[in-house]
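Here's the structure we're looking at; comments come further down.
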Amino acid sequence: MKNIYKILIAFIGVLAVSCNADAVDNRTILETVSAPEITAPATGKVFVLEEDKGSEEAAKFTWSAAKYSIAVAPKYTLLIDKKGGDFAKAITLATTSNILEASILVKDLNQAAIDLGGPTGIASEFDVKIASNVSGGFPQLSKTLITISVTPYSGRVAYDFIDWYLIGAAVAGEWENNADTKHQPMFRDGKDASQYKFVGYFKAGNFKLISVKGSWVSQLGNAGGGAIEINNNAGEFTIPTDGYYTFQFNTQTLKYTLAIYDASAAKTNGTVGIIGDSTGSWDVSTAMNKSSFNAHAWSLGVTALKDGGLKFRANDTWDVSWGGNTAFSGGGNGDNIPVAKSKYVIYFNDLDGSYLMIPNQE
């Protein structure tokens, strides 16, 4: 009897394995069938973009449905590249989930054309394709493309401010008047564009300020008696001994102050970085460069930022962070700094949280 039970159990096991194998063999496999194709606009469409219409629709792109071996809900990605490009570095204009159209705003098409090297005010041609995938797999790229002509506007952020840079024996860069020299800028008050301030390290010696790196035209200097002057041969300010100072001036009242700053309790940070949706992430900082002259001065070269918010933080944690509520310059509170999409050169001072973000960089 025991042998009969053993044989019966073994038979049932073989039958179960056989049924499972049959189920695997008969399962439906997802496969690509045909790629989507753009149906509008037609190839050859011309777009002459205007800045005052930036928030309006430039065009509505439509495409045919991607086909797969079974019913699925594909994700679509509308891609644009320079004419003749291989789409390896294409820019995404839009993404949709199982929707066969996307409206593209003037400002977004404009920025894509600029990012792909299209000169402003001049017509350039670009290729557009549509791609599909299912949960990130099974990609299909349209076999044909359309070519459009786009004349972008400059897309420059309005920035009607003067930036003043320290130059001289007492400051970083010394008297080297070169546009590439790392001159320290003054930090402009976010709510009073005539008020400038810098808290930082100075060596014993003289200095003045220039408004355009690489040019001696329009200097700002010492006029004596606590006053400043702005002309092409301005006087020099004098630092008596090495140390930290607070230097302030006002271009309306034409007055300045220069006083010793006690930095004995100031913490020296290992790193400082920018972080926010304007950088692409609230989780990962973009590291800034620490000055070799002043351990509390940080800078970042030409950096592309998106519309959104931004903060500065130390040592890749949220233990110490800084913000502000004014665009381009300010500091002193924990708000998210408002950022308009552009390319910026960025300066930051971890002694008082001052920041300066200069847009419209190339």
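The residue that is surrounded by the fewest Cβ atoms within 10 Å (Cβ to Cβ), counting only those in the stretch 37-74 that are among the aromatic types (Phe, Trp, Tyr) and within 30 Å of the chain's Cα centre (by Cα), is PHE47.
Selection over the stretch 75-107 of residues that are assigned to a helix (DSSP H, G or I) and open to solvent by less than 70 Å² (accessible area, probe 1.4 Å) gives a count of 1. Only one of the numbered conditions (1) closer than 28 Å to LYS208 by Cα; (2) open to solvent by 50 Å² or more (accessible area, probe 1.4 Å); (3) at pLDDT 95 or above; (4) touching an Asp or Glu at 6+ places or on another chain (Cβ under 9 Å) is violated by THR271, and that is (1). Residues that are acidic (Asp, Glu) and within 30 Å of GLU229 (Cα to Cα) occur in the stretch 350-361; there is at least one. Considering each residue of the stretch 227-241, count those that are closer than 19 Å to GLN195 by Cα and surrounded by fewer than 13 Cβ atoms within 10 Å (Cβ to Cβ), and give that number. So the count comes out to 1. Screening VAL212, VAL157, VAL150, VAL171 for residues that are crowded, with 22+ Cβ neighbours inside 10 Å, β-branched (Val, Ile, Thr) and not in a strand (DSSP E or B) leaves exactly one candidate, VAL171. Of the strands (runs of 3 or more DSSP E) entirely within the stretch 267-362, those holding at least 2 residues that are over 20 Å from GLY200 (Cβ atoms) occupy 272-276, 281-287, 297-305, 308-314, 337-339, 342-349. Taking the criterion of being open to solvent by 60 Å² or more (accessible area, probe 1.4 Å), closer than 27 Å to GLY155 by Cβ, among the β-branched types (Val, Ile, Thr) and in contact (Cβ under 8 Å) with a residue 12 or more places away in the chain, would at least one residue in the stretch 301-311 satisfy it? Yes, that holds for at least one residue. In the stretch 32-54, the residues that are without any contact (Cβ under 8 Å) to a residue 60 or more places away in the chain reach residues that are surrounded by fewer than 17 Cβ atoms within 10 Å (Cβ to Cβ) and small (Gly, Ala, Ser) with C-beta atoms within less than 7 angstrom, at least six apart or across chains, in these pairs: VAL33/SER69; THR39/SER64.
Of all the numbered requirements in (1) open to solvent by less than 20 Å² (accessible area, probe 1.4 Å); (2) at negative phi, GLU176 misses one, and that requirement is (1).
Out of curiosity, is LYS191 under 19 Å from PRO338 (Cα atoms) and either over 26 Å from the mean Cα position of the chain (by Cα) or not in a strand (DSSP E or B) (or both)? Yes; evaluated as a whole, the condition is true for this residue.
Taking the stretch 230-263 as the range and being modelled with pLDDT of 95 or more, farther than 16 Å from ALA169 by Cα and assigned to a loop (DSSP other than H, G, I, E, B) as the test, the residues that pass are THR251, GLN252, THR253, LEU254, TYR261, ASP262, ALA263.
The values are calculated or read from the model by the stated rules, or taken from the named source; none is laboratory data. The structure displayed is predicted, hence computed values, not measured ones. Reconstructed Cβ throughout: ideal geometry from the backbone, glycine too, with neighbour counts over all protein chains shown. Quick note on the areas: whole protein, heavy atoms, side chains included, nothing else; ligands and nucleic acids left out. Shrake-Rupley method; radii C 1.70, N 1.55, O 1.52, S 1.80 Å.
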